[in-house]
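Asks: I'd like to ask you about the structure that follows.
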Amino acid sequence: MTTKRRLITDSYRVVKRERRGGKRERSPTPPPTPEQIESAARQEDLQKLKQFDLDWRFGPCTGISRLQRWERAQLHGLSPPQEIKELLLQSAQDVELTDSLWRDYPL
């Protein structure tokens, strides 16, 4: 006949201490600043453009800008997303948005 083994924690009494001041209430999260909203929107746009770069249905994207790739896909009847063209036309001066992911890799 074996005896039941007890845990070491069973031999000590558990004492819970009260917090000073009772429960703390969480402070509300501050609303996002305009810079944070703009940054989040930019990241979302950049993510959409990266997905366009990675979609091979619209042809290769090395050596040309995203807008040139979009226009070439349209010319060949591949129906690229209109939203991508609108994003590219809105940000015509921003190199990060106009050039493809592969801009840093020479041909």
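The values are calculated or read from the model by the stated rules, or taken from the named source; none is laboratory data. Note that the coordinates shown come from a computational prediction; the quantities given were computed from them, not determined experimentally. Neighbour counts run over all protein chains shown; Cβ positions are idealised from the backbone, glycine included. The area values use the complete protein model at the heavy-atom level, side chains included, leaving out ligands, DNA and RNA. Shrake-Rupley method; radii C 1.70, N 1.55, O 1.52, S 1.80 Å.
Asks: Please pick out the residue among Glu71, Glu96, Glu44 that is within 22 Å of the chain's Cα centre (by Cα) and open to solvent by 80 Å² or more (accessible area, probe 1.4 Å).
Replies: Glu44
Residues are listed down the side, and each one gets a yes or a no for (1) of a type in the set (D, E, K, R); (2) in contact with a strand residue (DSSP E or B) (Cβ under 9 Å, 6 or more places away or on another chain); (3) in contact (Cβ under 8 Å) with a residue 24 or more places away in the chain:
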| residue | (1), (2), (3) |
| --- | --- |
| Arg6 | yes, no, no |
| Arg26 | yes, no, no |
| Ile37 | no, no, no |
| Lys50 | yes, no, yes |
| Lys85 | yes, no, no |
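Asks: Now for a separate question. I'm checking my understanding of the structure. Among residues of the range 59-78 that are of a type in the set (Gly, Ala, Ser) and at pLDDT 90 or above, which one is farthest from Lys48 (Cα to Cα)?
Replies: Within the range 59-78, the match that is farthest from Lys48 (Cα to Cα) is Gly77.
Asks: If you check Glu18 against the conditions, is it part of a loop (DSSP other than H, G, I, E, B) and charged (D, E, K, R)?
Replies: Details: part of a loop (DSSP other than H, G, I, E, B): yes; charged (D, E, K, R): yes.
In short, yes.
Asks: Ok, one more. Given the criterion open to solvent by less than 100 Å² (accessible area, probe 1.4 Å) and touching a residue at least 24 places away in the same chain (Cβ under 8 Å), identify the matching residue among Pro60, Pro80.
Replies: Numbers: Pro60 fails: touching a residue at least 24 places away in the same chain (Cβ under 8 Å).
Sole residue among the options that is open to solvent by less than 100 Å² (accessible area, probe 1.4 Å) and touching a residue at least 24 places away in the same chain (Cβ under 8 Å): Pro80.
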